[in-house]
Amino acid sequence: MSLKNERRPRGRGEPKRVLVVDDEADIRELLDLTLARMGLQADCVGSLAEARRMLAGQRYQLCLTDMRLPDGEGLELVRHIADTVPDLPVAVITAHGSAENAVSALKAGAFDYIAKPVSLDQLRGMVKSALELPGPESGGDMGSAGGLLGESTAIEQVRGLIDRVARSQAPVHISGESGSGKELAARLIHTLGARRDRTFVPVNCGAIPENLMESEFFGYRKGAFTGASEDRGGFFQVADGGTLFLDEVAELPLTMQVKLLRAIQEKRVRKVGATGEEAVDVRVICATHQDLKVLVEQGRFRQDLFYRLNVIELRMPALRECREDIPMLARHILDRLARAAASWSVRWL
């Protein structure tokens, strides 16, 4: 019998359960108390072996694991869960400033990460997002990227990847030619994930004057510059709790790339004219029709920012790669035009 079948299902009325894996007793206690105040039941263990044993006999709605454990790495547990309990979100706790570990965990399939020292506000937000993920039993529109038209192999592969990455908080880089549906893919990732009830903020990076970029992205305080008559939030503040879609991200100047990198790594931003930073909970999805790897080689795009944005790459195929979908797309366009024409006819009657 498989591990998945052996796990005891959660009964009605039982609190949702979280598996906490950390070899530090004080961290386990902190997480246990925080989760209990959220109405959650925590099972706390200190090793990979104990975690595997608990997963074999109990059904969980979330797993929190440290990256360094006495008998192995947290990445091993992330991969084990991905193989045996793929519907279980797992978040990792990393050392402060350990960007490489965080990216490695996200690439391995982790839902999200949080850095030590643990911010309880960020922890609660992450836990809440993980528990709001649609379950495998939800089915219907929440279980498939059905808004993407086509039955070709290329589109089916894209649809499957969208379904998978929607269950993560990892940054996604969507590549593809102009008109290939990059923003549609980003909206589907948002709609199918835990942030579906929050704001989706699309930004055309190529349409913002360079001297306004910092204030547009991070906001500003009253009096920060001429014309700043009141405090104002930027794209990150508007997207807090939701998704920030950076279209044509390759158009960002290098000075802005540095600030964007810090905002993504630290999950904090500073308004223009402010002395302190504020926490933001934003999932970043970016897109461009340019080849970012080539731009990195040319020195026009920062390698460290590319590393953080390209955690998961989603390539949208061009229409010439999906020729068998052309009849379906043509019918869809004609139907839409016919409905629009009928609507205008009714208005003029």
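The values are calculated or read from the model by the stated rules, or taken from the named source; none is laboratory data. Small disclaimer: the values here were computed from a predicted structure and weren't measured. Positions of Cβ are generated from backbone atoms using ideal geometry, with glycine treated the same way; all protein chains shown enter the neighbour counts. The protein model used for the area step is the full one, side chains on, heavy atoms only, and it has no ligands, DNA or RNA in it. Shrake-Rupley method; radii C 1.70, N 1.55, O 1.52, S 1.80 Å.
Looking at residue 222 and the list (1) in contact with a helix residue (DSSP H, G or I) (Cβ under 9 Å, 6 or more places away or on another chain); (2) surrounded by fewer than 18 Cβ atoms within 10 Å (Cβ to Cβ), which single condition is not satisfied?
(1)
Suppose we filter 57, 46 for residues that are surrounded by fewer than 18 Cβ atoms within 10 Å (Cβ to Cβ) and not basic (Lys, Arg); which single one remains?
57
Could you grab me the full set of residues in segment 132-155 that are assigned to a helix (DSSP H, G or I), at pLDDT 85 or above and not hydroxyl-bearing (Ser, Thr, Tyr)?
Once the filter is applied, which keeps residues that are assigned to a helix (DSSP H, G or I), at pLDDT 85 or above and not hydroxyl-bearing (Ser, Thr, Tyr), segment 132-155 yields 154, 155.
How many residues are assigned to a loop (DSSP other than H, G, I, E, B), farther than 15 Å from residue 266 by Cβ, of a type in the set (Gly, Ala, Ser) and open to solvent by 30 Å² or more (accessible area, probe 1.4 Å) when one looks only at segment 82-131?
Adding up the residues that qualify gives 1.
Among the residues of segment 187-196, is any within 17 Å of residue 313 (Cβ to Cβ) and either open to solvent by less than 70 Å² (accessible area, probe 1.4 Å) or among the aromatic types (Phe, Trp, Tyr) (or both)?
yes
Restricting attention to segment 47-105, report how many residues are among the aliphatic types (A, V, I, L, M) and over 15 Å from residue 18 (Cβ atoms).
Qualifying residue count, segment 47-105: 13.
When you check residue 176 against the structure, is it in contact (Cβ under 8 Å) with a residue 12 or more places away in the chain, open to solvent by 20 Å² or more (accessible area, probe 1.4 Å) and over 21 Å from residue 132 (Cβ atoms), yes or no?
no
Do we find that residue 152 is in contact (Cβ under 8 Å) with a residue 60 or more places away in the chain, out of contact with any strand residue (DSSP E or B) (no Cβ under 8 Å at 6 or more places or on another chain) and surrounded by fewer than 21 Cβ atoms within 10 Å (Cβ to Cβ) in this structure?
yes
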